[in-house]
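Undergrad: Okay, handing you the structure first.
Just so it is clear, none of the values below were taken in a lab; they were calculated from the coordinates. What you see is a predicted model, and the numbers here were worked out from it, not measured in a lab. Neighbour counts run over all protein chains shown; Cβ positions are idealised from the backbone, glycine included.
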Amino acid sequence: MLFTPHQFASLHLNNRIAMAPMTRSRTDQPGDIPNDLMATYYGQRASAGLIITEGAPISAVARGYAMTPGIYTEEQITGWKKVTSAVHQAGGKIFVQLWHVGRRSHHTIAGETPVSASAIKEPDQVFGPLPEGGFGMIETDQPRALSQQEIKATIADFVQGAKNAMAAGFDGVELHGAHGYLIDQFLRISSNQRTDDYGGSQDNRMRFMLEVTEAVANAIGANKVAIRLSPFVTEGAAQPDPEITELTIKALAKLAHLQLAYVHFSENISNYTQVPDSFRQQVREVYPHPIMVAGKYTVSSAQQILAQGFADLVAFGQPFITNPDFVYRARNQLPLTPVGDDAHSTFYGGGAAGYTDYATVTSA
């Protein structure tokens with residue numbers, strides 16, 4: 001099933017393999033502008049049924065990692081056009097991941113004090129400028145809580161980011177609601193201790209996510225919108241949330257009427273617990289539309305979860321870094337170039353080395 005086409009609404013994919021979003025920090029500076037090198041990188045990997053880009057901050061304060069490509073200036077839109085053109089010319093489809101990191105940032109990256117659902121800090125590090133020069137991992141700042149007026153403005157930033165994505169030629173957008181970033185911060189008890197309409201009850205804690213998703217869907221069409229969630233992953237927080245799985249099921253039931261392009265579950269990374277089949281069954285009961293999963297899947301385990309009916313699409317991350325022709329290799333059961341220590345050293349920042357210089361297998 002992995003290599004069969006997928007169709008839902010107006011989204012037609014050549015196969016059920018997605019390239020997962022992965023931060024690579026290769027933009028032109030100043031301005032966090034996508035460039036020709038990024039266009040080459042994504043174009044090389046266009047055999048994936050769908051590419052989801054690295055997270056693209058929707059505003060300056062949404063940034064949490066240095067040199068990540070924004071989607072909020074004209075220069076960034078122009079840069080992204082190079083990327084979408086390269087992917088489309090190679091026959092692929094591409095969504096941009098709209099990103100607001102919330103408290104997982106530092107003022108030297110965001111340009112101001114990071115924001116969150118509440119003014120609560122957890123020990124955490126992000127990729128940013130080092131005091132002695134260069135870039136590396138730095139401790140995040142104490143955040144401040146968004147006002148209700150600022151929440152509305154942030155929703156508007158997501159909407160504008162989606163409109164900018166359409167102007168840049170993307171096939172759709174994926175909202176980053178996972179991994180302890182801003183949307184996820186509103187969902188979880190430890191990071192959301194608000195006492196207004198956006199905190200307290202489960203309905204209130206999911207309100208921001210629902211409002212963002214519905215606003216973006218209304219702006220560009222729900223068939224061009226997806227959302228990434230990670231209820232079984234704990235990132236940017238010390239402890240798992242005791243209500244997050246129950247809240248997620250309730251939120252999916254509220255999203256079902258939109259018929260989004262897909263809902264994307266990130267699994268099996270960072271601090272995680274195994275996803276039980278009972279959760280997957282609940283998801284199918286309340287959300288009868290496309291589901292994507294990602295998290296250290298192999299071709300074999302991907303085929304299995306598709307066959308079980310728990311997913312319609314499977315995203316692969318690191319294999320695409322070192323194997324731009326991952327789909328060809330997987331289809332033909334060819335060996336993969338491993339992700340070794342040398343690859344890890346070039347994950348973030350740099351140039352073509354460890355980015356666009358991986359070899360492909362010449363097809364017969």
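Undergrad: Nearest 0.05, what FRET efficiency do residue 259 and residue 132 give at R0 = 45 Å with Cβ-Cβ as r?
TA: After rounding, the FRET efficiency stands at 0.30.
Undergrad: Quick one: pull the percentage of alpha-carbon pairs in the stretch 115-229 with a separation above 25 Å. Show your work: numbers first, answer last.
TA: Numbers: 2078 of 6555 pairs.
Summing the P(r) tail past 25 Å for the stretch 115-229 gives 32 percent.
Undergrad: If you count, for each residue, the other Cβ atoms within 10 Å and average over each peptide, how do 342-351, 169-178 line up from highest to lowest? Intermediate results must be reported in sequence, preceding the final value.
TA: Details: 342-351: 14.5, 169-178: 25.9.
Taking the mean over residues of other Cβ atoms within 10 Å, the ranking is 169-178, 342-351.
Undergrad: Ranked by Cβ crowding within 10 angstrom, fewest neighbours first, how are 106, 289 ordered?
TA: Values: 106 22, 289 19.
Arranged by neighbour count, lowest to highest, 106, 289 become 289, 106.
Undergrad: In which sequence would 293, 299 go, from the one with the fewest C-beta neighbours within 10 Å to the one with the most?
TA: Values: 293 24, 299 19.
Arranged by neighbour count, lowest to highest, 293, 299 become 299, 293.
Undergrad: Using a 10 Å cut-off around each Cβ, can you sort 321, 17 from fewest to most neighbouring Cβ atoms?
TA: Working: 321 23, 17 26.
Going from sparsest to densest Cβ surroundings: 321, 17.
Undergrad: What FRET efficiency comes out for the pair residue 149/residue 1, r = Cβ-Cβ distance, R0 = 51 Å, nearest 0.05?
TA: Working: r = 47 Å, r/R0 = 0.93.
It comes to 0.60.
Undergrad: For the stretch 256-266, just list the computed ³J(HN,Hα) in residue order, Karplus coefficients 6.51, -1.76 and 1.60, θ = phi - 60°, integers in Hz, with x standing in for Gly and Pro.
TA: 4, 5, 6, 6, 5, 4, 5, 10, 10, 9, 8
Undergrad: Here is a follow-up. Please check: in the Gaussian network model of the chain (C-alpha springs, under 10 Å), which one of 86, 253, 222 has the largest mean-square fluctuation.
TA: Looking only at 86, 253, 222, the largest GNM fluctuation is found for 253.
Undergrad: Enumerate the calculated ³J(HN,Hα) couplings along the stretch 189-200 in order (Karplus 6.51 cos²θ - 1.76 cosθ + 1.60, θ = phi - 60°), each rounded to whole Hz, writing x wherever the residue is Gly or Pro.
TA: 4, 5, 9, 10, 10, 5, 10, 9, 5, 10, x, x
Undergrad: Continuing with the same structure: I'd like the Karplus ³J(HN,Hα) series for the stretch 26-43: coefficients 6.51, -1.76, 1.60, θ = phi - 60°, whole numbers in Hz, and an x wherever there's a Gly or Pro.
TA: 10, 6, 6, 10, x, x, 6, 9, x, 9, 4, 4, 5, 4, 5, 4, 5, x
Undergrad: Pick from 71, 269, 109 the residue whose mean-square fluctuation is largest in a GNM of the chain, springs joining Cα atoms under 10 Å.
TA: 269
Undergrad: Counting alpha carbon pairs within less than 8 Å and at least 6 residues apart, what relative contact order, in whole percent, applies to the stretch 6-344?
TA: Relative contact order comes out at 15 percent.
Undergrad: Can you give me the long-range amide H partners of residue 136? Hydrogens built in the peptide plane at 1.01 Å from N, cutoff under 5 Å, separation of 5 or more residues or another chain.
TA: Placed amide hydrogens put 128, 130 under 5 Å from residue 136.
Undergrad: Using only the alpha-carbon atoms of the stretch 285-364, report the extent along each of the three principal axes, biggest first, to the nearest angstrom.
TA: 46, 34, 18
Undergrad: Taking the chain as the region of interest, what is the percent of Cα-Cα pairs per 20 angstrom bin, listed from the shortest bin to the one with the maximum distance?
TA: All Cα pairs considered, the percentages come to 31, 62, 7, 0.
Undergrad: Once both labels are modelled 7 Å past Cα along the beta-carbon direction, what's the residue 249-residue 333 spacing in nm?
TA: About 3.9 nm separates the two model spin labels.
Undergrad: While we're looking at this one, here's another question. Starting from the 7 Å offset along Cα-to-Cβ, what nm value, one decimal, do you get for the label separation of residue 278 and residue 352?
TA: Result: 5.4 nm between the two label points.
Undergrad: Can you give me the orientation-averaged projected area of the convex hull built on the Cα atoms of the stretch 208-306, in nm²? Please list the in-between numbers first.
TA: Working: hull surface 26.8 nm².
The directionally averaged projection comes out at 6.7 nm².
Undergrad: Taking K and R as +1 and D and E as -1, what net charge do the other residues with C-beta under 10 Å from the C-beta of residue 84 add up to?
TA: Neighbourhood net charge equals +2.
Undergrad: Right, another one. For the pair residue 361/residue 298, report the inter-label distance in nm, with labels modelled 7 Å from Cα in the Cβ direction.
TA: 1.6 nm
Undergrad: What are the lysines whose alpha-carbon lies under 20 Å from the alpha-carbon of residue 163, with same-chain residues fewer than 8 places away excluded?
TA: Of all the lysines, those that pass the test against residue 163 - Cα under 20 Å, at least 8 places apart if same chain - are 81, 82, 93, 152, 224.
Undergrad: Among 35, 192, 218, whose mean-square fluctuation peaks in a Gaussian network model of the chain (Cα, cutoff 10 Å)?
TA: 218
Undergrad: How much length, in nm to one decimal, is gained on full extension between residue 8 and residue 308, taken as 0.36 nm per residue of separation minus their Cα-Cα distance? Could you put the intermediate results ahead of the total?
TA: Values: separation 300, 0.36 × 300 = 108.00 nm, distance 1.90 nm.
Gain on stretching residue 8 to residue 308: 106.1 nm.
Undergrad: What does DSSP give for the stretch 6-344 in terms of the percent of beta bridges that are antiparallel, rounded to the nearest 5?
TA: Bridges in the stretch 6-344 that DSSP calls antiparallel: roughly 25 percent.
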